[in-house]
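Encoded as structure tokens, the structure appears first; notes follow it.
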């Protein structure tokens, strides 16, 4: 299991002290990738066959691609990273900026019911906005638990991406919030990536000006880190 260093949390805590929840803080301009990068992503998207397994990235602005171009967010970059490894999968962006776990819980069934086909895997990444808004960790845990139960009931594999409480929120809050993700990953036996912004948030060249959201290059780092876990979690198509 990968863990983020305390330096990441310190930077994260400073940014949280300055910014609003994950919907309203960010650079006015989205970083633009090179022409070659954009062409590569477009080519990767068209190379995915129609019957490729569906992966739904269900989260908040960190999934949605806040302040980024349509091909620079997590879903398209993860799809490209998978294809580069020889794994064809269609990754659907189901991230909504500002979503709390309560909001995600309300819309999960709708997203699943309206998917083009049954997902082969769901990436679940919510809870950052709960933390920033001071929502009680018990509520966050209950909502994530309910979503994981829903996915288990539908026999859909999950990759849970975790979040960490910023140091400025205090040890009491962190002591209740931080264990939520590993506890639930263990309870449901799902794949787990402990901190979505690990190896990204400490590098300003990988972050937008708000120091909360990754830029296109930062998302590339995240996508490449998640790709092996997604490949392992995808059912064997034989």
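Of the residues making up the stretch 83-124, those that are assigned to a helix (DSSP H, G or I) and either under 15 Å from residue 159 (Cα atoms) or touching a residue at least 40 places away in the same chain (Cβ under 8 Å) (or both) number 9. In the condition set (1) buried (at least 20 other Cβ atoms within 10 Å of the Cβ); (2) within 30 Å of residue 51 (Cβ to Cβ), residue 163 is compliant with all but (2). The residues on offer are 184, 159, and the sole one that is more than 21 Å from residue 212 (Cα to Cα), at pLDDT 95 or above, touching a strand residue (DSSP E or B) at 6+ places or on another chain (Cβ under 8 Å) and not in a helix (DSSP H, G or I) is 159. For the stretch 58-74, the criterion of a residue being in contact (Cβ under 8 Å) with a residue 40 or more places away in the chain, under 19 Å from residue 232 (Cα atoms), assigned to a helix (DSSP H, G or I) and more than 11 Å from the chain's Cα centre (by Cα) is satisfied by no position. If you go through the stretch 214-238 and keep only what is assigned to a loop (DSSP other than H, G, I, E, B) and either free of Cβ contacts under 8 Å to residues at least 24 places away in the same chain or in contact with a strand residue (DSSP E or B) (Cβ under 7 Å, 6 or more places away or on another chain) (or both), you end up with 215, 234, 236, 238. Selection of the stretch 188-213 for residues being free of Cβ contacts under 8 Å to residues at least 24 places away in the same chain, part of a loop (DSSP other than H, G, I, E, B) and more than 19 Å from residue 59 (Cα to Cα) yields 189, 203.
The values are calculated or read from the model by the stated rules, or taken from the named source; none is laboratory data. Just so it is clear, the structure is predicted and the values come from calculations on it, not from any experiment. Note that we place each Cβ from the backbone using ideal geometry, even for glycine, and neighbour counts take in every protein chain shown.
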